[in-house]
Amino acid sequence: MNTKYPEYEQPAVTVDLVIFTVNDNVLKVMLVKRAESPFVDCWAIPGGFLKAGESLEGAALRVLKEKTNVENVYVEQLYTFGEPDRDPRARVITVTYFALIPWKNLIQPESTKVTDLMWTPVDHLPKLAFDHREIIRYGIQRLRAKAGCSNIAYGLMPGQFSLSELQKIYEIILSEKLDKRNFRKKILATGLLQETGEKIALGAHRPARLYKFKKMEIAFLD
């Protein structure tokens with residue numbers, strides 16, 4: 001409590017992450033099971049209290065590394081949540097980030113039995129602690145909004161891919177079917193893709209060309 005100005009309570013600060021991936025053609029989010037009160041044994045998004053001398057982004061990257069063991073992935077600050085009663089312990093301000101990770105980059109396969117971590121479809125969330133359902137919903141809205149006008153899908157793609165694979169990721173994010181011809185025309189016109197010179201066999205069809213993003217950074221589409 002602030003003794004000089006007792007009416008101004010010093011809130012605690014946490015940094016939480018909405019971590020997305022795509023697996024089995026489904027957009028999924030990482031959840032962890034809480035081991036302590038409040039909401040013991042409930043599912044929540046990963047996060048933690050801000051440490052002394054730690055920046056907000058530094059805290060987000062720390063949590064990301066602790067939970068996924070990956071680095072150099074797409075991370076963006078999402079929103080600040082600060083309703084007075086959102087945490088029953090005390091006044092807590094939460095700064096949220098969202099991250100995108102290609103499934104193959106994760107060392108934790110979904111088939112491994114882990115009691116305190118799971119990847120769940122964003123459309124089938126369990127009961128969540130605090131206001132984490134609202135936070136995930138906000139993250140989905142941000143991701144879909146950016147997918148409609150940028151190359152943000154690169155954060156979920158492997159190093160090289162076919163145009164069909166890239167289109168599928170956009171369709172999964174946006175939850176809608178895209179016209180194949182229009183999508184290819186639009187994405188190629190951006191100049192953001194580069195042919196790798198390699199091809200991949202896709203069923204009975206002729207081999208498809210493989211592409212990669214020229215730069216692994218956000219760019220907005222015309």
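Data table
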read-out: Those residues of region 18-37 which are buried (at least 21 other Cβ atoms within 10 Å of the Cβ) and either modelled with pLDDT under 95 or more than 13 Å from the chain's Cα centre (by Cα) (or both), in sequence order; value: none
read-out: Among residues of region 134-169, those that are hydroxyl-bearing (Ser, Thr, Tyr) and open to solvent by less than 10 Å² (accessible area, probe 1.4 Å), counted; value: 2
read-out: Pick from region 83-109, criterion in contact (Cβ under 8 Å) with a residue 40 or more places away in the chain and over 21 Å from the mean Cα position of the chain (by Cα), ranking: nearest to Leu50 (Cα to Cα); value: Val92
read-out: One residue from Asp123, Asp116, Asp131 being more than 23 Å from Phe220 (Cβ to Cβ), among the charged types (D, E, K, R), modelled with pLDDT of 95 or more and open to solvent by 60 Å² or more (accessible area, probe 1.4 Å); value: Asp123
read-out: Selected residue (only one of Ile101, Ile136 is at pLDDT 95 or above, in contact with a Gly (Cβ under 9 Å, 6 or more places away or on another chain) and closer than 25 Å to Tyr170 by Cα); value: Ile101
read-out: Search result, residues across region 139-175 that are of a type in the set (Val, Ile, Thr) and under 13 Å from the mean Cα position of the chain (by Cα); value: Ile140, Ile152, Ile173
read-out: Candidates Val40, Val13, filtered to the one that is surrounded by fewer than 19 Cβ atoms within 10 Å (Cβ to Cβ), hydrophobic (A, V, I, L, M, F, W, C) and modelled with pLDDT of 95 or more; value: Val13
read-out: In region 70-88, the residues that are out of contact with any strand residue (DSSP E or B) (no Cβ under 8 Å at 6 or more places or on another chain) and open to solvent by 80 Å² or more (accessible area, probe 1.4 Å); value: Glu71, Asn72, Glu83, Pro84, Asp85, Pro88
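The values are calculated or read from the model by the stated rules, or taken from the named source; none is laboratory data. Nothing here was measured: the structure is a model prediction, and the numbers come from that model. Neighbour counts are summed over all protein chains in view; Cβ atoms, including those assigned to glycine, are modelled from backbone coordinates with ideal geometry. Only protein heavy atoms, including side chains, enter the accessible area calculation; ligands, DNA and RNA are left aside. Shrake-Rupley method; radii C 1.70, N 1.55, O 1.52, S 1.80 Å.
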